[in-house]
Structure formats: C-alpha cells, structure tokens
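Undergrad: First the structure, which I've put down as structure tokens, then a few questions once you've had a look.
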Amino acid sequence: MAQEQFARLLRQNEFDVLACPELLLPDVGAEAFDAREPCLAIIDASDLMATLEFVRLLRLEQRTVHLLVLLPKLEDAIASPLLRLGVKGLVTYEQAPHELVRAARQVGAGMYWVPRELLTRFVESILPEVRGFRVVDWEAGISRRERDVLDLLLTNLSNKEIAAKLFISERTVKFHVSNLLGKFGVQRRADLIVLWMQRTSTFPWLPREASRGLSARVN
C-alpha cells in the first residue's frame, strides 16, 4: 500500500514511475533503467541486509543511476554503509509523504538529500580514509589551482587554512571552492567529500581484477 501511495504521489508530480514490488535485479536491471537520463531508483530499505546487497548489485549493473532510499528511521549505523555504496538520498517513511517529491527531484538531478547532521558525522568518520590521498586527474575541466584547493578541501581544512598553505587570499580560496562545488554539482563541502569518497573508492566485494575494470566515475 505504501509503495502504491508513493508511486501515485510521484506520478502526480510528473515522474515516470516503474514500480518493482521485489528486488529483481539483475533480471530487471537493463530493462528497467534503459534510456532514462537521469535515472533515479527509489529503494525501500525495510530489510537492510537485502537492501545493501541490492544496492551493490545495482551499482554494478547501472553505475550512473541515482539512488534514494526510504528507511524506517535514520541512524548512522544504517546510513553509513548506504552512503558508502553511493546512495545520495535518505528519507524516512514518516518524512516521505511530505519530502519524497522534493528529495526525488534533487537526487534525480545528482544532488544530495541527507540531513546535515548525519552527513557531517559521516564525513568525519571517513576523513581518516580521505587524508593522505591526492586528487589525480579526477575530472577534466579542473585547473591546476582548483586541484590544489580540492586536495586540501578533502582534508576538511577551512578556507583560511587552505589560503595559508597555498599562500593565496581567503577570498581567492572561496572563489575556487565555489567553482568546484558548481563543477561537481553539489551544494556543500561535505557533499563534495562524500562524492570524492564514492567516486574514488574501489568495490571491496569484488576481486581485485574485476575492480580495475570499473569506472571511478560513480554518481
């Protein structure tokens, strides 16, 4: 019943909805998402373990699909593995009647819909993994100076600290950070750190040989 209500709500707001009552991937994969750009998958996470496995399979079958997950409640222990797998939106069942349409539009456009406090805690938890890595030609269209700023931004330094390290003004840093957020299609520094982690992480459930063949460009 809930799925029918959510599907109706989305259709009323001009979404083209394909409802799948069960986790049918990979059988449904290619057919369900064929020729839909951008493509959004809204996943019911009432069974967390099944959802995690489904999301992992979906990331392999359809690496450009944007993911929004409906949850009974938002907790770090549940949200963290989903964010690591590339999920961009998290909405509780209670929030869904009021927020689902807005969340679907934002996530479908490649942006994040995650509570600020939860996203901040997740970023803090992954910073030890992020520190020490430099950006290596991550995205075409980034200038050398923007890459320098991005390297330091990914260590969670403030604009003032970045300016001191690069011997440039804080205003110049702010300009470069604003450009970076725009180029990567995110609104907050925390979003950019999460996006970096998702795009550059390997797929730990795959053999090393298989992971080499996967694109690092995961949205």
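Undergrad: Set the Förster radius R0 to 25 Å, insert the Cβ-Cβ distance between ILE168 and SER80 as r into 1/(1 + (r/R0)^6), and round the FRET efficiency to 0.05.
TA: On the way: r = 35 Å, r/R0 = 1.39.
Once rounded, the FRET efficiency stands at 0.10.
Undergrad: Still on this structure, I have one more. Output ³J(HN,Hα) for the stretch 178-188: one whole-Hz value per residue in order, computed from phi by the Karplus curve 6.51 cos²θ - 1.76 cosθ + 1.60 with θ = phi - 60°, and x for Gly and Pro.
TA: Values per residue, Gly and Pro as x: 4, 4, 5, 4, x, 5, 9, x, 10, 10, 10 Hz.
Computed from the coordinates by the stated procedures, all read-outs in this text should not be read as laboratory data. It should be emphasised that the depicted structure is a prediction, and the values quoted were computed from it without experimental measurement. Neighbour counts run over all protein chains shown; Cβ positions are idealised from the backbone, glycine included.
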